[in-house]
Structures are given as C-alpha cells and as structure tokens.
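First up is the structure itself, then whatever we jot down about it.
The values are calculated or read from the model by the stated rules, or taken from the named source; none is laboratory data. From a predicted model like this one, the values you see are computed outputs, not experimental measurements. Positions of Cβ are generated from backbone atoms using ideal geometry, with glycine treated the same way; all protein chains shown enter the neighbour counts. Heads up: the accessible areas ignore ligands, DNA and RNA and are worked out on the full protein's heavy atoms, side chains in. Shrake-Rupley method; radii C 1.70, N 1.55, O 1.52, S 1.80 Å.
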Amino acid sequence: MEKFLKIPVTGEQYQLVSATGIVLIEQGSTTTVTITYKGGNTGTDVVTITHKDDSDGSEAMRDAIQNAVLAALQTPWTKPAYTVTGLPFDVTGIAVA
C-alpha cells in the first residue's frame, strides 16, 4: 500500500512525496533534507526537500519529516495522503534525483 506526504511548498500548491520504501532521512545541510529510497531497476532515488535556512544547524526539519512519515504510515489504507503541518521551516522546493 502506498502512502504519501502532502507537503506545502511556498508559492506552489502541495507536493506529494512517497512515504514508502524509505531507507534514510537525513539533514543534508542547513537548507535541505534528503529522503533516500531503496533502489530498484533504476537505482536509488533521492528526494531533496529545500527549506528556509536553519542557521542553528539543528535537525528539527529532519525530525519533523521523520515524524510525518511515521504518522502517515499509521493512517488507514483509505487515506493514502497525509497532510504535513507544523514544519519548523517553510519548504521552498522539492526535487527528485
């Protein structure tokens, strides 16, 4: 069963990011969180979530994304998208590589 995070992006509408198949979520820098997915035929996919600068260097954004993934996976199968709220920093972009 697929689950998705429905993430608000500044200046855009919500973006859906898969909450399944994740092997690692990490704070890439003071402005990015990366989500790495287990590889398939095309190799490993990485989603980079760019957010406003966390000059303190905390991992609050990573923690918030991890908590959202856990919450999404606990919802009933009839609710495939989990709306992410209360992020510590505004998301400014999402990219897949």
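Results, tabulated for the structure shown:
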item	result
Charge context of GLN27, other residues only, Cβ under 14 angstrom, K/R +1, D/E -1	-4
Estimated dipole of the chain in Debye, rounded to 20 [Cβ of Lys and Arg +1, of Asp and Glu -1, Cα centre]	400
Å² of accessible area per residue within the chain, as computed with a 1.4 Å probe and no ligands counted	59
J(HN,Hα) series, the stretch 10-18, from Karplus relation 6.51 cos²θ - 1.76 cosθ + 1.60, nearest Hz, glycine and proline x	4, x, 9, 8, 5, 10, 9, 10, 4
Shape metrics for the stretch 21-97, restricted to C-alpha atoms - Rg then Dmax, Å	13.0, 39
Overall dimensions of the stretch 15-60 as given by Cα atoms, namely Rg and Dmax in Å	11.9, 39
Solvent-accessible surface ranking, highest first, for MET1, MET61 at 1.4 angstrom	MET1, MET61
Relative contact order, percent, the stretch 12-60 [alpha-carbon distance under 8 Å, six or more residues apart]	29
Accessible carbon and sulfur surface of the chain relative to its total accessible area, %, 1.4 Å	51
Nearest-10 value in Å² for the accessible area of LEU24, using the 1.4 Å probe	80
Computed [θ] at 222 nm, helices only, for the chain once each DSSP H run of length n ≥ 4 contributes -39500 (n - 2.57)	-4500 deg cm²/dmol
Leading residue at positive end of dipole, the chain (Cβ point charges), from HIS51, VAL9, ILE22	ILE22
